[in-house]
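See structure below.
The values are calculated or read from the model by the stated rules, or taken from the named source; none is laboratory data. Please read all numbers here as calculations on a predicted model, not as lab measurements. Positions of Cβ are backbone-derived with ideal geometry, glycine not excepted, and every protein chain shown enters the neighbour counts. Areas reflect the complete protein model, heavy atoms only, side chains present, ligands, DNA and RNA absent. Shrake-Rupley method; radii C 1.70, N 1.55, O 1.52, S 1.80 Å.
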Amino acid sequence: MNVVATARRIHDNVGFWLTALGQEAMDLSLRTHAEFRTRIVESPGTTLDDAALAALVADLRTVAGKTLPAGELTYGIFSGERDPLARAIITVVSEEAGGRPIAFNALAVMQVERDGDTQQVIHLGLVMVDPEARGKGLSGVLYGLTTLLLFVRDGLRPKWISNVTQVPAVAGMVCETFSDVYPSPLPQARQSFAHLQLARGIMRAHRAVFGVGGEAGFDEARFVITNAYTGGSDALKKTYDDAPKHRDAIYNGFCARELDYTRGDDLLQLGRIDLAAARRYLLREIPSGSLPALLATSAVLALQRMILPLVHWLDDTRTFGTLRPRLQSGEPAP
């Protein structure tokens, strides 16, 4: 029975990664826990029809309703409008037995100006978990899996990520998972000029992504958004006592010092996902004895880094990097 279950999980995981690599816009489903399935949908505002899009938004609102009984979010993905959903990558965790949604993450892909060019930044976005499902190890899937998938699909090229939060548990998770994170209480944290350029670009053109109004201020030295809860995200505002804490007190103290919870401040964190960050994520979030997950990860890394480039190199009918086809379209064979 164990052999059959292991084989099924290997097939499920490998199939997930291979499908992800082959799709231009992802719409994937994977069993990530014994009783849960995770669906990742890229650009649903563009790829889904009206009925499917409405069903997805209904799932998001169901989780939000369990999480925020006192308020209703109206900005971004909750509006049901196609434009914000076209820029989003939605990760939904549901009970496998009945299909009830219990958690989601809404990533957003932002195009930000830097050094006269455009830099893609993945915003980690809004995460909500049904209170009944908290403590079941969902944070790794909600914060890391989709970002890792995008990193792998892009050929392991480092990618910038951003995060806006006043929750110490989330701020600490970002500091411990990604590389070159600023702001952070860790001694190696430094604000580079790239950090500053991207932060300015995000605050100038992408406030709507995380529900921050135009009247909110931004402290460039500390990367703190002041009076942040005025752009549709009011229901997310927390007191320090209510904000979930990190297991390491260094992050709790950092947020308490840097943020004015009465006014409603947020950290704007910027970092990168690279090979080092991917390794940390795999070692921390995937159990060492989880053979199917490790095999799937190894397979996709080998596919991206060795097999696919070799296939592209040997195919003389298509462009690959600086290489050009041996024969242009319509040319006779020699």
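A few notes on this one:
- Filter result for the condition that a residue is more than 18 Å from HIS206 (Cβ to Cβ) and at pLDDT 80 or above, over THR62, THR67: THR62
- Single match in VAL174, VAL93 (criterion: surrounded by 21 or more Cβ atoms within 10 Å (Cβ to Cβ), closer than 21 Å to GLY65 by Cβ and in contact with a strand residue (DSSP E or B) (Cβ under 9 Å, 6 or more places away or on another chain)): VAL93
- So ALA25, is it touching an Asp or Glu at 6+ places or on another chain (Cβ under 7 Å) and either at pLDDT 80 or above or surrounded by fewer than 16 Cβ atoms within 10 Å (Cβ to Cβ) (or both): yes
- The criterion of being at pLDDT below 85, touching a strand residue (DSSP E or B) at 6+ places or on another chain (Cβ under 6 Å) and surrounded by fewer than 18 Cβ atoms within 10 Å (Cβ to Cβ) does not hold for SER79.
- Qualifying position, being farther than 21 Å from ILE250 by Cβ, open to solvent by 30 Å² or more (accessible area, probe 1.4 Å), out of contact with any Lys or Arg (no Cβ under 7 Å at 6 or more places or on another chain) and not basic (Lys, Arg), among ALA205, ALA199, ALA133: ALA205
- The residue that is farthest from GLY116 (Cα to Cα), counting only those in the stretch 208-232 that are open to solvent by less than 50 Å² (accessible area, probe 1.4 Å) and part of a helix (DSSP H, G or I), is PHE210.
- Flag for MET110 being open to solvent by less than 10 Å² (accessible area, probe 1.4 Å) and either of a type in the set (D, E, K, R) or outside any loop (DSSP other than H, G, I, E, B) (or both): yes
- Exclusive hit being of a type in the set (Gly, Ala, Ser), under 18 Å from ILE161 (Cβ atoms) and either surrounded by 16 or more Cβ atoms within 10 Å (Cβ to Cβ) or modelled with pLDDT of 90 or more (or both), set ALA277, ALA243: ALA277
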